[in-house]
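The values are calculated or read from the model by the stated rules, or taken from the named source; none is laboratory data. Predicted model only: the values in this text are computed from it and were never measured. Backbone-built Cβ (ideal geometry, glycine too); neighbour counts: all protein chains shown.
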Amino acid sequence: MSVLPDETHASQLTSWVEGADGHPDFPIQNLPLCIFSTAESPPRAGVAIGPMLLDLAAVADAGLVGGEDARILRTAAGRTLNSFFAMSAAQRLRFRHILSQLLCAGADPPPMLREAVVDAATARLHLPVDVGDYSDFFAGIHHAATAGRMFRPDNPLLPNYKHVPIAYHGRSSSVCVSGHPVVRPVGQRAAHGATEPDYGASNRLDYELELAIWVRGGNALGTTIPIERAGAEIVGFGLLNDWSARDIQAWETQPLGPFLGKNFLTTVSPFVVTAEALAPFRSPQPPRAQGDPAPLPYLQDAEDQSHGAFDIQLEVLLRTAEMRRSGLAPHRLARSSGLDLYWTPAQMIAHHSSNGCNLRPGDLFGSGTVSGPGPDGHGSLLELTSGGRNPAVLPNGETRTFLEDGDEVILTGWCEREGFARIGLGEAKGLVVTRG
């Protein structure tokens, strides 16, 4: 299956949809999928095109395409995107070409097609899939090293880190779409080094800047997805905030890993930017540091190493209640890149299924906190404030060690490369509130 750019990525391609050309996130070269509803209709599948959404069910009902194209379009036009996720990579690529042909500038589009376009400002966006399972990886090596150094200054990375794509199983029921309130969690918490906990609201609430990786899976229980074909199982990407109650997490993590300090909420962006849309922004996996072990054979594939990484730019922004009252714009806390990950998404899929674990269409992977190598790349407050010891100073003079009530965290992401149109992932937002 080719991962090279084609005519749908051409920078000169334009659309008849007003506002699509030059849109910073959703020009015709992107075509991300979502689930939306309006006051007149229930949730259904759509495609973002500029400031508008194309109603896929309306397009399918209009009979604008026939044969196998009509079946592909109808499969994508459900109340969730799970059926779309179950399609093969070849079918997903064909779907992209169908949409590009329907939306590109040229002959005057038929009235039925024009009527299938909805103003995104009038729509409500929903979780794009019914998430069956959610696993969160730990592939951001700069985050792992910086956080590890706080607890093990001489040995920040445990011996297994560079051998195995580490992950924990999260809670799918608390995966919510951007905009869902972040209710401050309550639990057992303990000060650093304490041997007795108390019970109350977390005082060390944090964000984690991550990529959402949506997968197809489809392997039967007891079978694997080899690294050679794992890349074709990546349906698309979004943004993910793995909200973390650090005080609850620190007390409960030993010996079985994260639990209530993580599973109270995971925020994802509403748009699925397909792997096909990201073809121009694939990249070689950055070389490992001298002396690092080579991946074991089941994780090693030359094609994946040559273009299995994704050059996606990421930012985390913070807007406090005081900043909103003063009309101030959100402040950027960090910027990093998908190239800061130690493992490729295909390696994550190959490892996750290597013991025969069956992955299913709509399963969600978190990449792990994507931090850059410098202080301006810290993807969590844990790193940015050295565990709360060095408060971050905001432009209006406020300081933060961890999140306070009224703080809004905004994750953004986009791709740019010379010769291609910029495309974006949208936003994943969450406002911190106290439990009522």
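For residues that are closer than 30 Å to residue 288 by Cα and not in a helix (DSSP H, G or I), tally how many sit in region 143-199. Number of matching residues: 19. Within region 341-381, being among the acidic types (Asp, Glu) and more than 16 Å from the chain's Cα centre (by Cα) holds for one residue alone: 376. One residue stands out in region 269-294 among those that are under 20 Å from residue 365 (Cβ atoms) and touching a Ser or Thr at 6+ places or on another chain (Cβ under 7 Å): the one that is surrounded by the most Cβ atoms within 10 Å (Cβ to Cβ), namely 269. The residues listed here are 386, 354; of these, the one that is in contact with a Ser or Thr (Cβ under 8 Å, 6 or more places away or on another chain) and either closer than 23 Å to residue 322 by Cα or part of a loop (DSSP other than H, G, I, E, B) (or both) is 354. Within region 38-50, is even one residue surrounded by 15 or more Cβ atoms within 10 Å (Cβ to Cβ) and either outside any strand (DSSP E or B) or acidic (Asp, Glu) (or both)? Yes, because at least one residue in region 38-50 is surrounded by 15 or more Cβ atoms within 10 Å (Cβ to Cβ) and either outside any strand (DSSP E or B) or acidic (Asp, Glu) (or both).
Could you tell me which numbered condition residue 217 fails, if it satisfies all but one of (1) within 30 Å of residue 35 (Cα to Cα); (2) modelled with pLDDT of 95 or more; (3) surrounded by 16 or more Cβ atoms within 10 Å (Cβ to Cβ)? Here residue 217 meets the rest and fails (2). Restricting attention to region 340-359, the residues that are aliphatic (A, V, I, L, M) and touching a Phe, Trp or Tyr at 6+ places or on another chain (Cβ under 8 Å) add up to 3. Of all residues in region 246-266, one or more are closer than 29 Å to residue 416 by Cα and either under 20 Å from the mean Cα position of the chain (by Cα) or in the same structural domain as residue 80 (by TED's automatic domain parsing) (or both).
Restricting attention to region 203-234, which residues are in a loop (DSSP other than H, G, I, E, B), under 25 Å from the mean Cα position of the chain (by Cα) and of a type outside the set (A, V, I, L, M, F, W, C)?
Hits for region 203-234 are 204, 207, 208, 216, 217, 218, 219, 224, 226.
Filtered by the rule that a residue be small (Gly, Ala, Ser) and part of a loop (DSSP other than H, G, I, E, B), region 288-315 gives 289, 291, 294, 308. Taking the listed residues 402, 365, the one that is among the aromatic types (Phe, Trp, Tyr), modelled with pLDDT of 95 or more and either more than 30 Å from residue 221 (Cα to Cα) or out of contact with any Phe, Trp or Tyr (no Cβ under 8 Å at 6 or more places or on another chain) (or both) is 402, with no other qualifying.
Among the residues of region 235-287, those identified as among the hydrophobic types (A, V, I, L, M, F, W, C) and in a helix (DSSP H, G or I) are 248, 250, 251, 279, 281. Return a yes/no flag: does region 329-348 have any residue that is among the small types (Gly, Ala, Ser), part of a loop (DSSP other than H, G, I, E, B) and free of Cβ contacts under 8 Å to residues at least 12 places away in the same chain. Checked against the condition, which is being among the small types (Gly, Ala, Ser), part of a loop (DSSP other than H, G, I, E, B) and free of Cβ contacts under 8 Å to residues at least 12 places away in the same chain, region 329-348 yields at least one hit.
Please go through region 379-389 and pick out each residue that is touching a strand residue (DSSP E or B) at 6+ places or on another chain (Cβ under 7 Å) and of a type in the set (Gly, Ala, Ser).
Across region 379-389, the qualifying residues are 379, 380.
Taken together, 220, 245, 201 contain a single residue that is more than 21 Å from residue 165 (Cβ to Cβ) and in contact with a Leu (Cβ under 7 Å, 6 or more places away or on another chain), which is 245. Scanning for something buried (at least 17 other Cβ atoms within 10 Å of the Cβ), within 30 Å of residue 10 (Cβ to Cβ) and touching a Phe, Trp or Tyr at 6+ places or on another chain (Cβ under 7 Å), does region 378-388 turn up at least one residue? Checking region 378-388: not a single residue is buried (at least 17 other Cβ atoms within 10 Å of the Cβ), within 30 Å of residue 10 (Cβ to Cβ) and touching a Phe, Trp or Tyr at 6+ places or on another chain (Cβ under 7 Å). Residue 233 meets the conditions (1) touching a Lys or Arg at 6+ places or on another chain (Cβ under 7 Å); (2) modelled with pLDDT of 95 or more; (3) closer than 26 Å to residue 144 by Cα in every case but one. The failed one is (3). Among the residues making up region 90-110, a single one is at pLDDT 95 or above and more than 17 Å from residue 9 (Cα to Cα): 91. Of all residues in region 220-238, those being surrounded by 19 or more Cβ atoms within 10 Å (Cβ to Cβ), more than 14 Å from residue 93 (Cβ to Cβ) and among the hydrophobic types (A, V, I, L, M, F, W, C) number 4.
Number of residues in region 104-148 that are surrounded by 15 or more Cβ atoms within 10 Å (Cβ to Cβ), small (Gly, Ala, Ser) and over 19 Å from residue 162 (Cβ atoms): the value is 4. A count restricted to region 373-400 and to residues that are touching a residue at least 24 places away in the same chain (Cβ under 8 Å) and not aliphatic (A, V, I, L, M) stands at 14.
Of the residues making up region 390-429, those that are in contact with a strand residue (DSSP E or B) (Cβ under 8 Å, 6 or more places away or on another chain) and either in a loop (DSSP other than H, G, I, E, B) or not assigned by TED's automatic domain parsing to the domain that holds residue 245 (or both) are 391, 394, 395, 401, 402, 403, 404, 405, 406, 407, 416, 422. Going through (1) of a type outside the set (Asp, Glu); (2) farther than 30 Å from residue 44 by Cβ; (3) at pLDDT 95 or above one by one, residue 145 falls short only on (3).
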